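Heads up: the structure comes next, in structure tokens.
The values are calculated or read from the model by the stated rules, or taken from the named source; none is laboratory data. If you're wondering where the values come from, they're calculated on a predicted model, not measured in any experiment. Note: ideal-geometry Cβ built from the backbone for every residue, glycine included; neighbour counts use all protein chains shown.
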Amino acid sequence: MPKTAVVILNWNGIDYLREFLPSLVRYTAIPGVELVVADNGSSDQSVEFLAAEYPKIKVLKFDKNYGFAGGYNKALEQLEADYFMVLNSDIEVSDKWLEPLITLMEQQPKLAACSPLLLDYNNKESYEYAGAAGGYVDKYGYTFCRGRIFDKNEKIQTAYNKPVEVFWTTGACMLVRSELFKKAGGFDEHFFAHMEEVDLCWRWKNMGYQLCVLPTSRVYHVGGGTLPKSNPFKTYLNFRNNLFLLYKNLPENKIAKVLFTRRLMDLLSAVRFLASFSFRDIGAIYRAHRHFDKKKNDYKVFRQVQSQHILKFEHEEIYKHSIVMDYFLLGRKRFSQLRGDFANKFINFED
């Protein structure tokens, strides 16, 4: 069995550690697998709890909260393994959740990362928002999943039970090839949190690698443990990071057109927030665009450096239509309803 480090990034998550570490320890007693908790400057006695209750788990202690991206970068650079399992603290794993993922990675050398099905901990017959049965983006950078479009989470579908190629794997639970994590430069720490895994996966796709979701492996995600959906800071991060995501990874000839369209669509989002009197979210969108305009030139050097690794920009896993139009205007609220037979066109890793 190759060496694998299962790494939980914890920030004041002692309640999640108490609830979910027992099943993780029970179902991850595998040769070559090490459990690690990287603590992002917690103040809730998480470190003391781990020392007392789980002395065999390796603990990395940081002096402050470096966010999801910075925290994982700091943790993974201190570990030596063939694979890193990036795992949220609010996830319940099940029997044989990890072995099939490692086996798939061993069999498919072009895979940069793979994930299990992400199911809702509070409704275990439904997919969970953060990754469901595999992630994709539309031509304007909006993310969606097999089994989840915007806030519409589907019940488990047998049609999504094939291990297929996806555009991004969820940062809530993703097994990554360590050498490719380092080759791609890890997570972008400027993102702090949200969409950093989509950015990393897009870089891998541009480098010619593949991503997969393996439905025979299943985990259950609480979700929203650090920032709830209604938090304006989360709104700010999502809108800002999506702009950086597009600017970093699109080909030069598409950046201006796509970003212009996104500005118009974000303006419509602000109008929707206005209609619901969500004034703090409107302010979050404004701050997101202001920050992007201020910092986007910092990524020009990144694009120049990254260009030497890019093999292709065109990907079948990018939806060539607008998921916003499909969902809100055309009523296509399920992945199976997307245009162009999008749901049936991807590589099946069982074939």
>> I'd like the full set of residues that are of a type in the set (S, T, N, Q), touching a helix residue (DSSP H, G or I) at 6+ places or on another chain (Cβ under 7 Å) and either without any contact (Cβ under 8 Å) to a residue 40 or more places away in the chain or in a strand (DSSP E or B) (or both), limited to the range 113-172.
In response: Thr143
>> Among the numbered criteria (1) free of Cβ contacts under 8 Å to residues at least 60 places away in the same chain; (2) buried (at least 16 other Cβ atoms within 10 Å of the Cβ), which one does Ile8 miss?
In response: (1)
>> Take the residues in the range 103-112 that are surrounded by fewer than 22 Cβ atoms within 10 Å (Cβ to Cβ) and touching a residue at least 12 places away in the same chain (Cβ under 8 Å); name whichever of them is nearest to His221 (Cα to Cα).
In response: Leu104
>> Checking Thr235 against (1) in contact with an Asp or Glu (Cβ under 6 Å, 6 or more places away or on another chain); (2) surrounded by fewer than 21 Cβ atoms within 10 Å (Cβ to Cβ), only one condition comes out false. Which one?
In response: (2)
>> Looking for something more than 20 Å from the chain's Cα centre (by Cα), buried (at least 17 other Cβ atoms within 10 Å of the Cβ), modelled with pLDDT of 95 or more and more than 22 Å from Val219 (Cβ to Cβ) - is there at least one such residue anywhere in the range 17-37?
In response: no
> Can you list the helices (runs of 4 or more DSSP H) found entirely within the range 215-325 that contain at least 1 residues being under 30 Å from Gly13 (Cα atoms), at pLDDT 95 or above and touching a His at 6+ places or on another chain (Cβ under 8 Å)?
Replying inline: 232-249
>> Can you tell me how many residues within the range 297-308 are over 22 Å from the mean Cα position of the chain (by Cα) and surrounded by 14 or more Cβ atoms within 10 Å (Cβ to Cβ)?
In response: 0
>> Anything in the range 85-96 that is touching a Phe, Trp or Tyr at 6+ places or on another chain (Cβ under 9 Å), buried (at least 24 other Cβ atoms within 10 Å of the Cβ) and either among the hydrophobic types (A, V, I, L, M, F, W, C) or over 20 Å from Val219 (Cβ atoms) (or both)? List them, or say none.
In response: Val86, Ile91
> Of the residues that sit in the range 58-82 and are over 17 Å from Asp188 (Cα atoms) and in contact with an Asp or Glu (Cβ under 9 Å, 6 or more places away or on another chain), which one is surrounded by the fewest Cβ atoms within 10 Å (Cβ to Cβ)?
Replying inline: Lys61
